[in-house]
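Colleague: Input: one structure, supplied below.
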Amino acid sequence: MHDLMVQYKRYGDYQLAQVLASFLPPLPNWLLVPIPTSPEHQAKRGFDTIEAIFGNYALKPLLTKIPGQGAQGMRSRQERLEAEQGFVLADVNYPIYNRSISKILLLDDIYTTGRTLYHARDCLRRAFPSAKIKSFTICR
């Protein structure tokens, strides 16, 4: 799995998104929020790695990655744990969403320290304080 993820993410082998998508179980009927790829990585690869894998689902991109923070994969465990908040809410009409969102499922590819998911959860919690927030990742 490590080699597959390196080929997919580091070398931008887009076709592997289909292979990774084949590992997905049925996902619950929750609001599916992808963890966004950094603008730098998306420009380099030409695609968003999470949206490519989960593209067959109705995704709601409620988060935006703050540019210029560098790659998680290049950081040590300690550096990841000390990383500052990496997300902001995307430009959507939150008062409309806020009344109806009760369950959010964050979607990511790799769980290493959990810091990315905690930051995403914390960001969403401010906009949707009563929502139940869980996560699904392909590998750990």
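The numbers here are math on the coordinates, done by the rules we state, and not lab data. This is a predicted model, so every value here is computed, not measured. So basically every Cβ, Gly included, is an ideal-geometry build from the backbone, and we count neighbours across all protein chains shown.
Colleague: Select from region 1-25 the residues that are of a type in the set (D, E) and either surrounded by 14 or more Cβ atoms within 10 Å (Cβ to Cβ) or in contact with a strand residue (DSSP E or B) (Cβ under 8 Å, 6 or more places away or on another chain) (or both) and list them in ascending order. Quick ask: steps written out before the conclusion?
Modeller: Start the filter on region 1-25 by keeping residues that are of a type in the set (D, E), which leaves 3, 13.
Residue satisfying the conditions is D13 alone.
Colleague: Follow-up. List the residue pairs whose Cβ atoms are under 8 Å apart, where the first residue sits in region 29-45 and is in contact (Cβ under 8 Å) with a residue 60 or more places away in the chain and over 10 Å from L62 (Cβ atoms), the second is assigned to a helix (DSSP H, G or I) and not polar (S, T, N, Q), and the two are 6 or more positions apart or on different chains.
Modeller: I35/I50; I35/L117; I35/A120
Colleague: Kindly indicate the residue of region 1-50 that is among the small types (G, A, S) and not in a loop (DSSP other than H, G, I, E, B) and also farthest from the chain's Cα centre (by Cα) among those meeting that condition. Before you say what the answer is, go through the steps one by one.
Modeller: Initial filter on region 1-50 (among the small types (G, A, S)): 12, 17, 21-22, 38, 43, 46.
Right, trim to not in a loop (DSSP other than H, G, I, E, B) and you get 17, 21, 43.
Working: A17: 14, A21: 15, A43: 17 Å.
Here the answer is A43.
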